[in-house]
């Protein structure tokens, strides 16, 4: 039990660290976007505009990759746990296999929907922000 809680704390710490890095990338992206508008006014600083645009594109790609990676990681862990628990339930009560399987499929659909939402957010990060 202690080992499981240590693993959970380590995973949560990693997720918080990655989310913090994502927020920092998004903050840099928004600063680069606002900075590029002011540098376009001055004709001497066109190279600064191109550099900040390249940095913004790279930052968006990193943020989108982290977002979809965390969603896939969380979804995979959730699906694995739910499948193992349903297999345990079916092995304990084989007569309830139909009900357990139905609940399992419904839960897996909801988990997959959350992953698809994360994919949509990643696409929005790349193309809209």
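Taken together, the values in this text are just the output of simple stated rules run on the coordinates, not laboratory data. Fair warning: this is a prediction, and the values are worked out from it, not measured in the lab. With ideal geometry, Cβ positions are generated from the backbone for all residues, glycine too; neighbour counts draw on all protein chains shown.
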Task: Within the stretch 81-110, backbone nitrogen closer than 20 Å to the virtual label 7 Å beyond the Cα of residue 119 toward Cβ - done: 105-110
Open item on the list: Sort 69-80, 99-110 by packing, meaning the average of other beta carbons within 10 Å per residue, with the highest value first.
Closed with: 69-80, 99-110
